[in-house]
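This report concerns only the one structure given below.
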Amino acid sequence: MGLLFTPHLLQPDLLKVLNRSENGIETHLRAVENIRAAGFERFNIDLMYGFAGQTIESWRATLAHAIALGPEYITLYRMRYKLTRISHQAPSVTLDLVRPLAKLAKQMLSDAGYAANPGKTTYSRLPGDPGTSAYLTRRVVEGMPYLGYGLGAQSFSHTTISYNDGAAGKNLMPYHRSLAAQRLPLQDLYDLPLRQMMGKMCAVSFYFGEIDRAAFRAKFGVGLEDAFSEEITFLLERGLMEWTDTKLRLTPLGAESVNGVIALFFAPSLQAYLLERDPDRAEDMQRSRTQALRVAGM
């Protein structure tokens, strides 16, 4: 079971902008009461942060409120602005504003008995329980294939990755057209080489802040340390990751630059694309948006 909270619980204007006018404190209290009354022993609360104008004080109040509700798990999500109605606010939300929010969340959750590996966004107060379903845990740890249903859903096999119609523009029209024509609602389908598949598994593994050595070998038939020898040496020497008995795990320092760490495991072709692309150039941003909308049929 899960609940989704937006920040600024005491600021109705922002909740209205986010189409969450009814997502107030009384709603949360009733939801938790109903969850427990129905017999559920565990539930999760999703907390979003990184909104324009968000303050440490409002985020602190949101965290305190969520903790007081007593969920077994709390998952943090940084706001993603792409193709949203408030995407124009993204330039004002810098890392200097976001990082203190993430740091405060980790501190308050830890003080309240919630634990998570560095880089992991789901915090659990149950020892040994990662806070995710067995299905999702296998997806993250083992790179288990899965089939996605619905708008923009992702599917993953041992050699391919695909996205359903609507993934780019979050628009149901292309998805409905495909279903009406009795064809698979696929927007994109990629047959990926081994190196790209390795990078994909590693990137997903960082959801837990670590890569399982045995799972990697079982999937690809090669050791993680052999496939990424130079990258791992770089990370170890700089204290960004560390070996445990069975995993390569982010350190607290590495978690602060997790996106850069993940990129080291990308395929060389993708790394080259990221290095050549300038996200600060307005024409590059507009070109990416135009391409996404065209694919979405908007």
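The values are calculated or read from the model by the stated rules, or taken from the named source; none is laboratory data. The shown structure was predicted, so the numbers you read here are calculated from the model rather than taken from an experiment. Cβ: placed from backbone, ideal geometry, glycine included. Neighbour counts: every protein chain shown.
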Among the listed residues SER205, SER178, which satisfies the condition of being at pLDDT 95 or above, among the hydroxyl-bearing types (Ser, Thr, Tyr) and assigned to a helix (DSSP H, G or I)? SER205
Right, GLY148: in a loop (DSSP other than H, G, I, E, B), without any contact (Cβ under 8 Å) to a residue 24 or more places away in the chain and on the phi > 0 side of the Ramachandran plot or not? no
Any pair with Cβ under 7 angstrom, 6 or more apart, that starts in segment 228-252 at a residue that is free of Cβ contacts under 8 Å to residues at least 40 places away in the same chain and ends at one that is of a type in the set (Phe, Trp, Tyr): PHE228/PHE265; GLU231/PHE265
Filtered residue count, segment 172-218, keeping only those that are more than 24 Å from the chain's Cα centre (by Cα), exposed (fewer than 13 other Cβ atoms within 10 Å of the Cβ) and under 27 Å from THR132 (Cβ atoms): 1
With respect to GLY113, is the statement that it is under 27 Å from SER58 (Cα atoms) and either in contact (Cβ under 8 Å) with a residue 60 or more places away in the chain or acidic (Asp, Glu) (or both) true? no
Enumerate the pairs (first residue in segment 29-56 and closer than 12 Å to ARG78 by Cα; second residue anywhere and among the small types (Gly, Ala, Ser)) with beta-carbon separation below 9 Å, excluding pairs fewer than 6 apart on the same chain, so at least 6 apart or on different chains. ASP46/GLY2; LEU47/ALA66; LEU47/ALA105; TYR49/ALA102; TYR49/ALA105; GLY50/ALA102; ALA52/ALA90; ALA52/SER92
Restricting segment 50-94 to residues that are surrounded by 13 or more Cβ atoms within 10 Å (Cβ to Cβ) and charged (D, E, K, R), the residue that is farthest from the chain's Cα centre (by Cα): ARG60
Can you report the number of residues in segment 129-147 which are exposed (fewer than 15 other Cβ atoms within 10 Å of the Cβ) and within 16 Å of ILE161 (Cα to Cα)? 3
